[in-house]
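Heads up, the thing below is written out as structure tokens.
Bear in mind that the values in this text are calculations on the coordinates, not laboratory data. From a predicted model like this one, the values you see are computed outputs, not experimental measurements. No Cβ is skipped: glycine too gets one built from the backbone with ideal geometry, and neighbour counts run over all protein chains shown.
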């Protein structure tokens, strides 16, 4: 069985799992903290499709998607063991950094990036007296340059960027519960799997007047707010 068929079979197996409510996640989190392994399994099983969606973002990185899914599932289990449902975050928002980190570490191990600029490396020590081009490859990898290793003081904070990405991913997860027209409007206005549009552009794309788009958006927002207690996501929806 090739990779695509294998992943399709896996998706068919897990797609029957229904999404959990906020209350259900909180209850499972409490049981997990008490050592309930079934609760751990229930929380992670309900979010397996989310790991698959993240794994596809790393396709072509050097690891088969199947391996990325496997590593992501391990990361999700680590997150589940630490998840506190009382803090107002949905599990996928909390787990996203753990899942991504697990996948990225696996990719780095596979491609040998852990060998980059180790302190005390004899060869690196010999090179310190010579100027290096910012575009020069390092660590034996032609894909990694010094410019990608050195921090950019003007760059966006990666942790903040990851948190915002997690919020968008949770929003995309919740949008699937809306009806078709609400889903289309939300996808356009928030740039979910499509370029982000304003209300006028969304109306033009969907053949609707701007006021109608606003009405559909407001209805979708009311439904989305009822679906989550994640304060970060609620703040994002209020922008």
Exercise for review: Sort the stretch 1-74 into rounded, prolate or oblate with this rule: let a ≥ b ≥ c be the square roots of the eigenvalues of the Cα gyration tensor; rounded if a/c is under 1.5, and if a/c is not under 1.5, prolate when a/b is larger than b/c, oblate otherwise.
Suggested key: prolate
Review point. What is the distance, in nm, between label points placed 7 Å from the Cα along the Cα-to-Cβ direction at residue 14 and at residue 82?
Key: 2.0
Exercise for review: May I ask you to compute the full-extension gain from residue 235 to residue 104, defined as 0.36 nm times their residue separation minus their alpha-carbon distance, rounded to one decimal in nm?
Suggested key: 44.3 nm
Check your understanding: Is the shape of the stretch 158-237 best called rounded, prolate or oblate, per the rule: a/c under 1.5 gives rounded, else a/b larger than b/c gives prolate, else oblate, with a ≥ b ≥ c the square roots of the Cα gyration tensor eigenvalues?
Key -> prolate
